[in-house]
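Please read the structure below before turning to the comments.
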Amino acid sequence: MSDLDILRKIPDTGYREPAPTHDVKEFYNLVHARRSVRVFLDTPNEDSVIEKCLELALLAPNSSNLQPWEFYWIKDRNKLEKLRNYCLGQSAARTAPTLIVAVAKTNTWDRNRKKMLELFDQQDPKPPKGAYTYYKKVAPMAYYLGLFNWFGFLKKVLSFFQRIMGKVVPHAPTSYCDMRVWAHKTCALACENLMLALRAHGLDSCPMEGLDPHKIKKLLKLDSRSEITMVIGAGKRAPNGIFSKRVRFDSQLFIKKI
Ligand SMILES: Cc1cc2nc3c(=O)[nH]c(=O)nc-3n(C[C@H](O)[C@H](O)[C@H](O)COP(=O)(O)O)c2cc1C
């Protein structure tokens, strides 16, 4: 069996989850209502709401379900003040009662892969063999880079020749840079979940990458394999919180039908 067969085969696990229906209009309203808010009221957010929104963030789709993210909800006043400063003192960071740092993790995939296998072992009935193979063999092949990227380099060379031979070669990170993209991609999806969840609870948000990542990493005592995806300010919108009407260019510029 080739590794790709795992993706092609439809397993009969017996599990069924019928598609639910939703209020589409409410969803449209929610997406339209989310704006980047730069001035917040001085009203503290309820912890329980932030907790629920963070839980919803964790439901975002993520690569191989390896969940390469962390969310730091800064509660300590001293740290919060520092963080506001490290977000360049911008108004959203200065006024938001809650700041959450979204962190992309490039080095937790192996821990989480093992956790997944442990979870499989506890399940009854057991997941299909392909699921085990995925986390035992495919994931390490895809995400392992090795000391000084020796395995990443090998993957790069092999995939180069496979492409020359006309093969369809699945994308896999072949450098630390690729791993960074991989982790940020997934982490950003969770950020959008978080911001929509906040809006659904009547709160607003501002995603920020205008910040000093080195200082923030030091503040949070993060290792070198952790990257700041963005800081999200959250709170109640001040009357002057949105500076102008939403601007988007013509969708034809971005949506290509081919
Ligand atoms: C990754 C990212 C980084 C951003 N950084 C900042 C920032 O540092 N400061 C800020 O005021 N807005 C920031 N924004 C908000 C954008 O400016 C905003 O999303 C854009 O202007 C569109 O406006 P809207 O969110 O209201 O639709 C950022 C947004 C994203 C997605």
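Taken together, the values in this text are just the output of simple stated rules run on the coordinates, not laboratory data. Since the structure is predicted, the reported quantities are computational estimates derived from the model, not experimental observations. Ideal geometry is used to build each Cβ from the backbone, glycine not excepted, and the neighbour counts take in all protein chains shown.
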Checklist entry - Label GLU209 and VAL24 with points 7 Å out from Cα along Cα→Cβ: what is the distance between them in nm? => result 3.3
Item to check | Dipole axis of the stretch 1-145 (+1 Lys, Arg; -1 Asp, Glu on Cβ), positive-most option in TRP69, TYR134, TYR86 | outcome: TYR86
Item to check | Rule-of-thumb Rg ratio for the chain [Cα; 2.2 N^0.38 Å; N residues] | outcome: 1.17
Next on the checklist: Can you give me the angle between helix 109-122 and the longest principal axis of the chain, using Cα atoms only, in degrees from 0 to 90, rounded to the nearest 10?
Outcome noted: 70
Next on the checklist: Need one number: nm distance between label points at SER159 and ASP42, each 7 Å from Cα along Cα→Cβ, rounded to one decimal.
Outcome noted: 5.2
Item to check | Most positive-pole-ward Cα, HIS201, GLY152, SER226, against dipole of the chain from beta carbon charges | outcome: GLY152
Checklist outcome for this item: Counting only DSSP beta bridges fully inside the chain, the antiparallel percentage to nearest 5 is 95
Next on the checklist: Can you show me the helix-derived [θ] at 222 nm for the chain, built from DSSP H runs with n ≥ 4 at -39,500 (n - 2.57) apiece and divided by the number of residues, rounded to the nearest 500.
Outcome noted: -12500 deg cm²/dmol
Item to check | Rounded to 10°, Cα long-axis angle of helix 77-86 versus longest principal axis of the chain | outcome: 80
Next on the checklist: With a cap of 13 neighbouring Cβ atoms within 10 Å, and only residues DSSP puts in a loop, list the GluC sites (Glu not before Pro) found in the stretch 21-128.
Outcome noted: GLU46
Checklist entry - So what's the angle, to the nearest 10 degrees on a 0 to 90 scale, between helix 150-164 and the longest Cα principal axis of the chain? => result 70
